[in-house]
Amino acid sequence: MEVLRIILTQSSANYKKEETILNKMTYPLPPFSTVIGAIHGACGYKEYHKMDISIQGKYDAMHKEPYRDYCFLNSIGEGDRGTLVKLNNKNFLSTGFDKVAEAKKQQGSSFREGTTIQVMNQELLTEYRELKDLLDRIKDFEENRVDKVLKLIKKRKKDLADKKKKVKENKEALNVVLIREKQIKELEKNINDRIKAYKVNEYEIPYSNFAILTTSLKYYEVLNNIELIIHIKSDKETLMDIKDNIYNLKSIGRSEDFVDIKDASIVEVVDTIDGPITSEYSAYIDYNLIKNECVFLKLGDKITANGTKYYINKDYVIEDNKRIFNKKKVVYTSEYVAEEGSENLHFDISSEKSYIVNFN
């Protein structure tokens, strides 16, 4: 069976574990979905091209690389901290913002009062303070004017409800009460709607453009001096297309994790070999191959291979506007041995090196 073998190196890379948030941990090898996505990007594919992937490789070391993480807080409250900013577009936090002022202390700073802050844009800070003053006036108006009127309306509605019970047998009198009740309810609704509309348009919408930006120091796990051997199984046309476009593959992992393509060749993989092969690379091996003792760890006698079990994303389907990933149950292991092929276990034999190829 003909497949495409790609050999590449990276000086550094982070293959982010999707479940890590605070610090971005890395897989020891890129997930299948990461490689498949990078290949689709290199070829300019707009639709999914079905393919199976074998990934093996090694790296020299791992270190932690610091980065500054930016976070927008959900609300601006008392005890201001971080940096007050005005967003260019509140619906897209990443499109940019203008810095207004920065709190100089973790506690006790106030953008409104000007306590222990560094002002960066006085005009925007004045706008922010005027909005806070406007909210105070709205609250005062609601408490001292609107609430009193609404209480009178509530009392009037209760009086009309009692009156309806008394005149329910008198259609003419009941109709007068119902008309007045409708007028009272419309008045109540009109007052509430006008107050709400004013508050939304004059305060809430302008104020929502302001946010608090905080920063913290976090870390990437970064692998160093990586060598990857990737085998791809697909139809002939797709394999040739990937081979022709492989030098468009710029990175795997982060955008700055550049790749250096050493070789891309169509090779023949076989199912039978003369004797057992020991891999010099680590790899993602199908869990069932290890469970069924098709792959062994070389420690003298044959024993079941040990390693780290992962559920690795490969591809996905969209259901209810959500990506549902097809996860492969694999074991990350090294120094493993195989001596006979199976449905998804093959061998790439060359004069220089021989590879155990497990397609997932």
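The values are calculated or read from the model by the stated rules, or taken from the named source; none is laboratory data. None of these values were measured; they are calculated from a predicted model. Cβ coordinates were reconstructed from backbone atoms using ideal geometry, including for glycine residues, and neighbour counts include every protein chain displayed.
Worth pointing out:
- Restricted to strands (runs of 3 or more DSSP E) entirely inside the stretch 1-81, those with at least 3 residues that are of a type in the set (Phe, Trp, Tyr) are 61-72.
- Cβ pairs under 6 Å, 6+ apart, first in the stretch 56-75 and more than 23 Å from Lys353 (Cα to Cα), second assigned to a strand (DSSP E or B) and aromatic (Phe, Trp, Tyr): Lys64/Tyr219; Glu65/Tyr220; Pro66/Tyr219
- From Glu172, Glu204, Glu188, residue being in contact with a helix residue (DSSP H, G or I) (Cβ under 6 Å, 6 or more places away or on another chain) and of a type outside the set (S, T, N, Q): Glu188
- Consider the stretch 193-238 and keep the residues that are closer than 30 Å to His49 by Cβ, in contact with a Gly (Cβ under 7 Å, 6 or more places away or on another chain) and not β-branched (Val, Ile, Thr). The one that is surrounded by the most Cβ atoms within 10 Å (Cβ to Cβ) is Leu228.
- Those strands (runs of 3 or more DSSP E) of the stretch 269-360 in which at least 2 residues are over 28 Å from the mean Cα position of the chain (by Cα), considering only elements entirely within it, cover 296-299, 301-304, 336-338, 345-349, 354-358.
- Between Glu143, Glu130, Glu123, the distinction of being closer than 30 Å to Asn190 by Cβ and outside the structural domain of Lys185 (by TED's automatic domain parsing) belongs to Glu130 only.
- Scanning the stretch 316-331 for residues that are surrounded by fewer than 18 Cβ atoms within 10 Å (Cβ to Cβ) and touching a residue at least 24 places away in the same chain (Cβ under 8 Å) yields Tyr316, Phe325, Lys329.
- The one condition in (1) closer than 27 Å to Tyr70 by Cβ; (2) touching a strand residue (DSSP E or B) at 6+ places or on another chain (Cβ under 9 Å); (3) assigned to a helix (DSSP H, G or I) that Val222 fails to fulfil: (3)
- Criterion (surrounded by 15 or more Cβ atoms within 10 Å (Cβ to Cβ), in contact with a strand residue (DSSP E or B) (Cβ under 7 Å, 6 or more places away or on another chain) and at pLDDT 95 or above) met by exactly one of Ile252, Ile273: Ile252
- Among the residues of the stretch 22-38, not one is free of Cβ contacts under 8 Å to residues at least 12 places away in the same chain and touching a Lys or Arg at 6+ places or on another chain (Cβ under 9 Å).
- Among the residues of this structure, Lys233 counts as one that is touching a residue at least 60 places away in the same chain (Cβ under 8 Å) and farther than 30 Å from Lys104 by Cβ.
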